[in-house]
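This report concerns only the one structure given below.
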Amino acid sequence: MIYIELFLSFVKIGFTSFGGMSMIPLILDEMSSHGWMTAEDLSNLVAIAEMTPGPLGINCATFTGTQTAGFLGGIVAVLGVLTPAFTLTMLIAIFFEKFKESSVMRRIMSVVKPICIAMILSVIVTLSSTTYFVNSVIQPFSIGIAALMLYLLIRRKWSVPVVIISSAMLGVVFYGVLPMVRG
């Protein structure tokens, strides 16, 4: 029974919050109404969830589920908090597939695509300023790695995970290992 309650509580949290810190009051309400956690426990939960990598909601669900009903409780709570996003994504995918040929959908996508591209380019420009220029000094190894990976991705059709791993390894060599050897 505890697993069903955990699942339903986190489905409710997932559907009624917008992620991140907006989940905290809902989690507190659910945890205290079931007697699973106190406000102090929740404070510790948020501290741990913020320190660990990953989304706050998933971290909170994992910790809460595990504290409440062990390992399986953690899995059930995570599935609960992910269910709303998964459900909405599936509905959107079905809707998109059904209406992708409509003139309205084409007009919507003609607006959405450039916005998405602009957002991605904005991130690239922002990250490039810290990756390729350090203290206003050009980083030739970083630019070289980027150019090589772009070539391997586009011309040689390497997969994205292989390019990411290769970039990371080259970065470790050029910026981690070689400076230690030289220094």
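Quick look at the values:
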read-out: Qualifying residue in region 31-52 (condition: touching a Pro at 6+ places or on another chain (Cβ under 6 Å), in contact (Cβ under 8 Å) with a residue 12 or more places away in the chain, assigned by TED's automatic domain parsing to the domain that holds Val81 and in a helix (DSSP H, G or I)); value: no
read-out: Residue list for region 114-129, filter: loosely packed, with under 11 Cβ neighbours inside 10 Å and more than 21 Å from the chain's Cα centre (by Cα); value: Pro114
read-out: Inter-residue pairs, beta-carbon under 8 Å, first among the small types (Gly, Ala, Ser) and in region 1-25, second part of a loop (DSSP other than H, G, I, E, B), 6+ apart; value: Gly19/Pro55; Gly20/Pro55
read-out: Looking only at region 21-42, and only at residues there that are among the small types (Gly, Ala, Ser) and more than 18 Å from Gly74 (Cα to Cα), the one that is farthest from the chain's Cα centre (by Cα); value: Ser33
read-out: Contacts under 9 angstrom Cβ, first residue in region 102-129 being over 19 Å from Ile92 (Cβ atoms), partner aliphatic (A, V, I, L, M) and part of a helix (DSSP H, G or I), 6 or more apart; value: Ser128/Ala146
read-out: Yes/no for Ala77 being part of a helix (DSSP H, G or I), small (Gly, Ala, Ser) and surrounded by 12 or more Cβ atoms within 10 Å (Cβ to Cβ); value: yes
read-out: Only one of Phe71, Phe63 that is assigned to a helix (DSSP H, G or I) and loosely packed, with under 14 Cβ neighbours inside 10 Å; value: Phe71
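The values are calculated or read from the model by the stated rules, or taken from the named source; none is laboratory data. As the structure is a prediction and not an experimental result, all values here were calculated from the model. Note: ideal-geometry Cβ built from the backbone for every residue, glycine included; neighbour counts use all protein chains shown.
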